[in-house]
1. For segment 117-143 and segment 279-299, what is the separation of their C-alpha centers, rounded to whole Å?
2. For LYS82 and GLU134, FRET efficiency with R0 = 22 Å and r from the beta-carbon atoms, rounded to 0.05?
3. Give LYS101/LYS239; LYS201/LYS227; LYS7/LYS227; LYS201/LYS242; LYS99/LYS274 a once-over and call out the pairs whose C-alpha atoms are over 28 Å from each other.
4. If every alpha-carbon in segment 78-186 counts as one equal scatterer, what log10 I(q)/I(0) does Debye give at q = 0.10, 0.16 1/Å?
5. Let me know the shape class of segment 1-144, please: from the alpha-carbon gyration tensor, a ≥ b ≥ c as square roots of the eigenvalues, rounded when a/c is under 1.5, otherwise prolate if a/b is greater than b/c, or oblate.
6. What are the ³J(HN,Hα) values, in whole Hz, obtained from phi via the Karplus relation 6.51 cos²θ - 1.76 cosθ + 1.60 with θ = phi - 60°, for each residue of segment 258-272 in sequence order, with x given for Gly and Pro?
7. Using a 7 Å offset from the Cα along the Cα-to-Cβ direction at both GLU48 and THR32, what is the distance between the two label points in nm, to one decimal?
8. What distance in nm separates the two pseudo spin-label positions at ASP321 and PHE174, each 7 Å out from Cα along the beta-carbon direction?
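Since every read-out is calculated from the coordinates, none of them should be taken as a lab result. None of the values given here were measured: they were computed from a predicted structure. Note that each Cβ is placed from the backbone with ideal geometry, even for glycine, and that neighbours are counted across all protein chains shown.
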Amino acid sequence: MSVILRKYKNPKTGTIRLRLDIYHNGQRFFETLKHLTLSNPTTPAAREFNKELLRQAEAIRVARAAELEANNYSLVSDAGRKTEVLVWFESYVDKYNKKDKRNMAGALKRFEDYLISVGKRNLTFVNLTVPIIEGFIDRLNDTCSGEGASSYYSRFKKAIRQAYKHRLMKDNIFDFFKKKPQGKAIEKDFLTMPEIQLLVKTPIASNEVRRAAIFSLMTGLAWIDVKGLTWVNIDLDNKRLKKVTRSKTAVEVTVSLNETAIAVIGEPSKPDDKVFCLGSANGANKTLKAWVKRAGINKEIKGWHNLRHSAGTNLAIAGEDVLTISRILAHTSTQHTARYVKTVEDMQRKATDKLNIEL
């Protein structure tokens, strides 16, 4: 078994890429370190920068070799003494291919900022302690709003657990403390049924965004699930969605399609064709916000999640129970669904307050 760091030059740009040449279990393969690219050094600063990148690449090489060795012999190697947490984390994010990669990169950035602030940027795994992680949690609580702290921490935790599985840590550090981020969900505005009716009668810049938005309002599907929806997921004979698994939670969604949802998707196409031809999430959210404003609806509809929130809240207003709403929205816990019920209870409380009289 061998892991060798190699350089190769891009003939078009003149830059030098780095990759690991790995021979393991009788097979040879390469892993490109995409985030580490050497430039042609013409100044002392550029040469120093290249040295730093090579140092990081060498740390990754050592960690990768140790990982393969540990997996072979089920032993904890001493790679944790040599491998810097940030260097390994960067490599992990680089290879990460799930749909929450941007959030994972955000967790890395926040942990890097935290380590820099406490003077521990070059922290190795052997020195990753409970107080350091608890300090990171405190920083997330101070700098993130809503559920941001919990979101970034869960991804940080996921990455560090992978490092433990790769034998870079002797123990699972999360077994030694229970501290968690304290962030709470921010109350989101939602569209009532009369507002939705007003919205669909208002002109919009993109008919595809209009169709997809209405579909989400009728089914509670999130942006990523609507964007990836294909005709194989639509069972028109039984008026329901089929074979749809939520990207965020991996929970299967089974939703009956009402007449509005069926009407808005139009005529069926080939099984692998997309139901909606959508661009980027940012572009769709901008179109959505402009549409709401043009309709004269004075609410903070910031993005697609407000549509999902609208579906859940309107189901609660219609009297559906928590379990039914939870199944429709494919929540992993009814705790998430209870927010919609609480929103309705708050609305009812405000309504009855208007009936007060002076005695």
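1. Segment 117-143 and segment 279-299 have Cα centres spaced 39 Å from each other.
2. 0.35
3. On the way: LYS101/LYS239 34 Å; LYS201/LYS227 23 Å; LYS7/LYS227 39 Å; LYS201/LYS242 30 Å; LYS99/LYS274 18 Å.
The pairs that break the limit, which is 28 Å between Cα atoms, are LYS101/LYS239; LYS7/LYS227; LYS201/LYS242.
4. -0.26, -0.68
5. On the way: a/c = 1.79, a/b = 1.22, b/c = 1.46.
Oblate, because a/c is 1.5 or more while a/b does not exceed b/c.
6. Listing the rounded values in order: 7, 5, 5, 4, 5, 5, 6, 7, x, 6, x, 10, 5, x, 8 Hz.
7. In this crude label model, GLU48 to THR32 measures out at 3.0 nm.
8. In this crude spin-label approximation the distance works out to 3.3 nm.
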